[in-house]
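Worksheet: one structure, shown below.
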Amino acid sequence: MTTTPHPVAHDALVCVDAPGMVIGGRDAQLRGHGVQGVYHDGRRTLSRNVLTIGGTEPEPLSGHVVAAGSVRYLAMRRFAADTTPDPALVVERTRHADGRERIVLRNTGRRPLRFPLELALGTDLIPLDALRAGHRPIDLPARVAAAGLGWSAPDGMSVRVVAEPAPDTALAAGATLRWDIGLDPARSWAVELRIVAEPVPGRAGPRAFSGQPPWAEPRVRSDDVRVAAWVEQGLRDLRALLVVPGPDLPTAPLPMAGAPWQLAPTGRDALWTART
């Protein structure tokens with residue numbers, strides 16, 4: 001790997017569901033720029049996820065974080081045969097920090113639509129700390145896997161992207177999934193993507209905490225109703241940082257911290273989080 005200037009993330013949309021994290025732009029497309037990508041336990045499991053419809057990227061409309069671990073995007077795809085200024089096809093993408101993504105296409109026009117949907121995927125499985133240090137990653141070669149694509153790193157870590165429904169075509173060259181879609185007016189079509197990461201053999205990393213959080217629910221009394229909402233949101237965000245460490249560590253939940261530059265249960269940021 002060669003080095004590049006330290007990446008920036010001041011305008012990124014970041015969502016966390018530890019040990020998973022997503023760092024993305026405002027248009028839903030992951031292009032592998034800087035630290036963009038989907039992460040699990042400090043490794044980038046997906047660096048590229050570019051959607052095209054009929055060979056053209058949709059035009060972005062909005063993108064915002066909807067929960068600690070989820071971000072939602074809206075885009076539109078206009079066609080030459082459209083008879084009104086309104087878009088004929090609306091694209092909604094909801095991406096989760098645990099490695100799931102749901103893509104919904106809605107025909108809001110007046111005529112049937114026929115088009116190919118393609119997803120160009122890719123990964124380098126690079127550690128986040130290497131990216132933070134400015135190392136330039138190298139894309140890994142893809143292989144066709146069941147209902148999707150897979151990649152493997154030299155150290156033994158591997159990852160698969162599984163689609164439901166399965167793509168009509170999966171190509172290792174170019175790491176592309178393709179569906180041939182027909183949509184009548186007022187109809188919709190959806191696909192679910194799921195990233196399945198297999199850690200380095202012999203290494204068991206942290207997993208998401210699924211029990212009751214180790215705190216009592218507070219009762220907030222305030223003349224400003226926003227205070228209660230702020231506290232509730234803060235607790236939901238804290239809940240998304242809790243993990244159960246590996247098998248050789250205590251089973252009590254620990255908070256991870258440091259996003260987007262790290263996501264770890266150690267260090268100054270995690271101590272601050274635990275004391276908050």
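A short reminder: the numbers here are calculations on the coordinates, not readings from a lab. Values in this document were obtained by computation on a predicted structure and should not be read as measured data. Every residue, glycine among them, receives a Cβ derived from its backbone with ideal geometry; neighbour counts consider all protein chains shown.
Tabulated results
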item	result
For the chain, built as a Gaussian network whose Cα springs stay under 10 Å, the top-fluctuating residue of Ala252, Ala175, Ala147	Ala252
Global form of the range 95-246, assessed from the alpha-carbon gyration tensor, a/c cut-off 1.5	oblate
Likely footprinting exposure, Val14, Val159, fewest C-beta neighbours within 10 Å first	Val14, Val159
Extreme residue, positive dipole direction of the range 166-222, given options Ala172, Pro185, Gln212 (C-beta unit charges)	Gln212
0 to 90° range, to nearest 10: angle between helix 225-239 axis and the chain longest Cα axis	90
Order of Thr45, Thr176 under a 10 Å beta carbon neighbour criterion, fewest first	Thr176, Thr45
Exposure proxy order (Cβ contacts within 10 Å, fewest to most) of His64, His96	His64, His96
Calculated FRET efficiency for the pair Arg207/Asp168, C-beta based, R₀ 35 Å, to 0.05	0.55
